[in-house]
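Undergrad: Below you'll find the structure I mean.
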Amino acid sequence: MVTSANSLKKGGVTILVGAQWGDEGKGKWIDILAENTNIVARYQGGNNAGHTLYVDGEKVVLHQIPSGIFREGQTCALTSGVVINPVEMVEEIKKVQKIIQVSPDRLWLSARSHVISPWHIWLDGKKEKEAQNPIGTTKRGIGPAYSDKAARVGLRLGEYIDPVRRQAWFDRMSYESEDFSKLAKENAEAWEAFHGAAEKLASYVCNAEQNLRAAMQHSQTILLEGAQGALLDINHGTYPYVTSSETCSGGAFASLGFAPKYVDKVYGVAKAYVTRVGEGPFPSELHDEDGAYIAKQGNEFGATTGRPRRCGWLDAVALKYCQEVNGFDGIILNKMDILTGMQEIKICTAYKHPKLGLIKEFPWDGNILAECKPVCETLPGWTDPMPTSGKIADLPENALKYIAAVEQAANCKVTMVGTGVNRTDGLFL
Ligand code: IMP
């Protein structure tokens, strides 16, 4: 069990997964737990993720590179299940280089990962615009890049950095698709940038999965950073209002290239309330003053798109489901301080459906979920300020009651609590 920021099992593999619909504040916890870690790896998603952090007082937003890059001596890896926007990646590396040296031995980009091209970004926008029921994607080309991967017409990073193979892909796509061919002519600037980024990235492209296996043999401590959240998982989330990758702990291994048996611990990061961006069912969503209060206090605007996030009470039905799917060893309950000052706080412990009655298990069917009303337990709030370091037990009494209720409803222990925005603000058991 993690009892302080630097007690991850040495030589072990730990996974941090979002336990809601993303934006739970995983980046901050990766930052805290990475202190004694050798490697931080991302296994899915792309630049749809966003993580704002402050390095020496300077605000930096990263979308693809894990925040571990700011720790000297630490390596960051992006493995086969990730999709990479090469132009954005070059910009991100430049941004990081201004603060700390990034060299290919500190940043491993998997040759097996798939590339997001201007074509994928264009398709994402077009589909969203024309859809009767848009998903509310980040329009970063994520879905189309994964679609091409599954259809076996995608371009892998290892092939992208080879000018001959990249051109062969480009020519084949132009030949096979009129739209592609038209876009290639109309949007010459974007394609020029796309081709131009290849050479700049080439030195970072490697057999990242093999490097990870070798690192494990040398007893390196590895932290895996899930992007988005379990409820946005392509298999287990609220399909079709999900992202296009496997966000859950089980899906990670398909990307990482090593077996699940090497994992030491899995932690789920949940906010003390719930937010969602984009469309899709959200039973505990608030449309009242409480929702507005949470949104304001929590500054709930997307780091990638700037969109306001929908806010609601903590949904313990969904959290229990995420715990079951991911096998959490503990929940990291984040942004507890945002609820300070509320008179009453609610937890959704069941759903009520007009035809099916009381539902206690998270339904597979989004249509059913959309018709559910939350059944809530009400707890007293707290006004006392919260400590930002030390033990969970030091929290105000009513905050502890709230945590106990979350633990009971989600059937999982809360092992860490976030009470502030700073890099080090965290409470442990
Ligand atoms: P896509 O990943 O851009 O295809 O978007 C699919 C869905 O996932 C949309 O509802 C997005 O708002 C959501 N989504 C994607 N990335 C994130 C994230 O990092 N945080 C929260 N929601 C996300």
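The values are calculated or read from the model by the stated rules, or taken from the named source; none is laboratory data. Given the structure is predicted, the values throughout are model-derived calculations rather than measurements. Counting neighbours? That spans all protein chains shown, and the Cβs are built from the backbone with ideal geometry, glycine included. Just so you know, the surface numbers come from the protein's heavy atoms only, side chains and all, with ligands and any DNA or RNA stripped out. Shrake-Rupley method; radii C 1.70, N 1.55, O 1.52, S 1.80 Å.
Undergrad: Assess whether ILE347 counts as being open to solvent by 10 Å² or more (accessible area, probe 1.4 Å), among the β-branched types (Val, Ile, Thr) and within 27 Å of ILE234 (Cα to Cα).
TA: Spelling it out, it is not the case that ILE347 is open to solvent by 10 Å² or more (accessible area, probe 1.4 Å), among the β-branched types (Val, Ile, Thr) and within 27 Å of ILE234 (Cα to Cα).
Undergrad: When you go through VAL60, VAL87, VAL102, VAL83 one by one, which is the residue that is touching a Leu at 6+ places or on another chain (Cβ under 8 Å), of a type in the set (A, V, I, L, M) and either within 19 Å of SER255 (Cβ to Cβ) or not assigned by TED's automatic domain parsing to the domain that holds VAL421 (or both)? If you could, list the steps in order and put the result at the bottom.
TA: Working: VAL87 fails: touching a Leu at 6+ places or on another chain (Cβ under 8 Å); VAL102 fails: touching a Leu at 6+ places or on another chain (Cβ under 8 Å); VAL83 fails: touching a Leu at 6+ places or on another chain (Cβ under 8 Å).
Sole residue among the options that is touching a Leu at 6+ places or on another chain (Cβ under 8 Å), of a type in the set (A, V, I, L, M) and either within 19 Å of SER255 (Cβ to Cβ) or not assigned by TED's automatic domain parsing to the domain that holds VAL421 (or both): VAL60.
Undergrad: Which of the residues spanning region 383-414 are modelled with pLDDT under 95 and of a type in the set (Val, Ile, Thr)?
TA: The one that is modelled with pLDDT under 95 and of a type in the set (Val, Ile, Thr): THR388.
Undergrad: While we're looking at this one, here's another question. Given GLY73, GLY81, which one is closer than 19 Å to GLY226 by Cβ and among the small types (Gly, Ala, Ser)?
TA: When all the criteria are applied, what remains is GLY81.
Undergrad: Provide a single number: the residues in region 117-143 that are open to solvent by less than 40 Å² (accessible area, probe 1.4 Å) and closer than 19 Å to ASP171 by Cβ.
TA: Residues that pass the stated criteria total 5.
Undergrad: Next up: Mind listing whichever residues of region 92-135 are β-branched (Val, Ile, Thr) and away from the ligand (no atom under 15 Å from the Cβ)?
TA: ILE93, VAL96, ILE99, ILE100, VAL102, VAL115
Undergrad: Something else about it: Consider region 296-321. How many of its residues are within 15 Å of the ligand (Cβ to nearest atom) and in contact with a strand residue (DSSP E or B) (Cβ under 6 Å, 6 or more places away or on another chain)?
TA: Looking only at that region, the number is 8.
Undergrad: Restricting to region 304-321, name every residue that is open to solvent by 40 Å² or more (accessible area, probe 1.4 Å) and either out of contact with any helix residue (DSSP H, G or I) (no Cβ under 9 Å at 6 or more places or on another chain) or among the small types (Gly, Ala, Ser) (or both).
TA: Those that are open to solvent by 40 Å² or more (accessible area, probe 1.4 Å) and either out of contact with any helix residue (DSSP H, G or I) (no Cβ under 9 Å at 6 or more places or on another chain) or among the small types (Gly, Ala, Ser) (or both): THR305, GLY306, ARG307.
Undergrad: Further, regarding this structure: Please determine whether any residue of region 217-227 is within 16 Å of the ligand (Cβ to nearest atom) and either surrounded by fewer than 22 Cβ atoms within 10 Å (Cβ to Cβ) or assigned to a loop (DSSP other than H, G, I, E, B) (or both).
TA: Yes.
Undergrad: Just name the residue that is farthest from the ligand (Cβ to nearest atom) out of those in region 265-284 that are more than 11 Å from TRP21 (Cβ to Cβ) and either in contact with a Leu (Cβ under 6 Å, 6 or more places away or on another chain) or assigned to a strand (DSSP E or B) (or both).
TA: LYS265
Undergrad: Here's a follow-up. Read through the list (1) closer than 30 Å to ILE135 by Cβ; (2) modelled with pLDDT of 95 or more, then give the number of the only condition that PRO380 fails.
TA: So the condition that PRO380 fails would be (1).
Undergrad: Here's another thing I want to ask about it. State yes or no: is ASN411 under 28 Å from ASN133 (Cα atoms) and open to solvent by 50 Å² or more (accessible area, probe 1.4 Å)?
TA: So ASN411 fails the test.
Undergrad: OK, next. For region 33-74, which residues satisfy the criterion of being among the basic types (Lys, Arg) and within 17 Å of the chain's Cα centre (by Cα)? Even if it seems obvious, please write down each step before you answer.
TA: Start the filter on region 33-74 by keeping residues that are among the basic types (Lys, Arg), which leaves 42, 59, 71.
If the condition is that a residue be among the basic types (Lys, Arg) and within 17 Å of the chain's Cα centre (by Cα), then ARG42 is the only one that fits.
Undergrad: Now, a different point. Considering only region 396-406, state which residues are open to solvent by less than 40 Å² (accessible area, probe 1.4 Å) and over 15 Å from ILE338 (Cα atoms).
TA: Passing the criteria: ALA405, VAL406.
Undergrad: I'd like the full set of residues that are surrounded by 13 or more Cβ atoms within 10 Å (Cβ to Cβ) and out of contact with any helix residue (DSSP H, G or I) (no Cβ under 9 Å at 6 or more places or on another chain), limited to region 147-170.
TA: Passing the criteria: only LYS149.
Undergrad: Related question: Just checking, which of VAL83, VAL40, VAL60 is among the β-branched types (Val, Ile, Thr), at pLDDT below 95 and touching a helix residue (DSSP H, G or I) at 6+ places or on another chain (Cβ under 7 Å)?
TA: Details: VAL83 fails: at pLDDT below 95; VAL40 fails: at pLDDT below 95.
That would be VAL60, the only listed residue that is among the β-branched types (Val, Ile, Thr), at pLDDT below 95 and touching a helix residue (DSSP H, G or I) at 6+ places or on another chain (Cβ under 7 Å).
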